[in-house]
Amino acid sequence: MSDSPSPADAPSGHHVEPPPADRGLPPENPLPDADKDQLLELYRQMALMRRVEELAAKAYTQRKILGFCHLYIGQESVAVGAAAATGGDHWITAYREHGHALAKGVPARAIMAELFGRETGASKGQGGSMHIFDKSVDFMGGYGIVGAHVPMANGVAWACKQKKLDKVCVVFFGDGAANQGAFFEALCLAELYKLPVVFICENNWYAMGTPLHRQSALTDMSLRARGVGMTREQLEGWDVEHVRQRVAAARKHALEHGPVLLEIITYRYRGHSMSDPAKYRPQGELDGQKERSDPLLLTAAKLQDQHGVGQDVIDGIHADIDAEAQDAWDFADQSAWPDPATLYDFVYGAQETSLAADTPLSGKES
């Protein structure tokens, strides 16, 4: 005789439910296909992102950038594609954030100056590589504790819902963060309250130096959504147009029905950070991925084959973005250091209103 509980054994007022069904994101794409000019702009953004990161790597070796520095090279199509679908929404991300900030509209000058620790940086030189922030474009910051920023997206989405804004919160994190408790808690509450959140797991194959199959028995990170009944999808992220379409579909669903978990397969070409030589990769893996799935090469080929764009146009884009990236370096290098007197200016918020005299926290009782 089985000792397993039955629905009749449930406490009064409760019932036992079957496991939630697997809810896939509807396949319809809500945006029209990108035309030639739109695809050229997406290519330009990815090329600029890569060049800025290459210069950041150079600056790090020259000790113009100190501390941690996590580069986004190889993953450009994810941030750029997502921005093309959610450019007016709120974004929160982790420490591999330079590309996200640039895609969201933070100027290259402000990003590079922040990396250099100068007062003209996006966070006034006090955040550095992992803590770029720019409210003017609703880029709500990068955060350094793995997975700890994911619940913050719920707070932003709750505010959007309460204010009846036609906005979602997009939150980016890596495959390693998908094993953190804060991540699971965030999914549970987002689905419970049907919050307009798009959770994007950028699966770049490695959590620091540990490959996915050695950190998780479940290697499809999107299946994490099933535990809370959330809509999900896993997709390859090499094609910036495909990312744009599927993130747009996720945004539409989040506004109308509640949160979505997207797992976007991507690949980083550099180590976890600048201090990581990435010797843990199998021989030939990196070169093979660059040959098969480099988002810049794939997009350039599409522009040439499907839209008749000549190599001279591609070369012209690279000349322009080389100049823009170098301008960002020069601007940062020539900017002033922050005044040490401002060190605590952004640590505490001033309380403008005083407590009433009869509150428990006033007088001797406090």
* Quickly work out the Q311-to-D345 label distance, labels modelled 7 Å from Cα along the C-beta direction, and quote it in nm with one decimal. => 5.1 nm
* Asked: Looking only at trypsin sites (Lys or Arg not before Pro) in DSSP loops with at most 12 other Cβ atoms within 10 Å, what is the longest site-free stretch of the chain?
  -> 165-278
* 222 nm mean residue ellipticity, helices alone, for the chain (DSSP H n ≥ 4; -39,500 (n - 2.57); rounded to 500) -> -12500 deg cm²/dmol
* To do: Specify which residue in the list L212, G308, A323 is farthest towards the positive end of the charge dipole of the chain, using unit charges on the beta carbon of Lys, Arg (+1) and Asp, Glu (-1), about the Cα centre.
  => L212
* **Among Y95, Y60, Y267: highest mean-square fluctuation, GNM of the chain, C-alpha pairs under 10 Å** => Y60
* To do: May I ask you to compute the full-extension gain from M208 to Q162, defined as 0.36 nm times their residue separation minus their alpha-carbon distance, rounded to one decimal in nm?
  => 12.8 nm
* To do: Report which label in (i) 1.14; (ii) 1.09; (iii) 0.98 holds the value of Cα Rg over 2.2 N^0.38 Å derived from the coordinates of this structure.
  => (ii)
* Sites A323 and A21 - FRET efficiency at Förster radius 41 Å, r taken between beta-carbons, to 0.05 -> 0.20
* Cα-based reach from K252 at 16 Å (exclusive), listing lysines while leaving out same-chain residues under 8 positions away -> K161, K164, K167, K194
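The numbers here are math on the coordinates, done by the rules we state, and not lab data. No experiment lies behind these values; they were computed from the predicted model shown. No Cβ is skipped: glycine too gets one built from the backbone with ideal geometry, and neighbour counts run over all protein chains shown.
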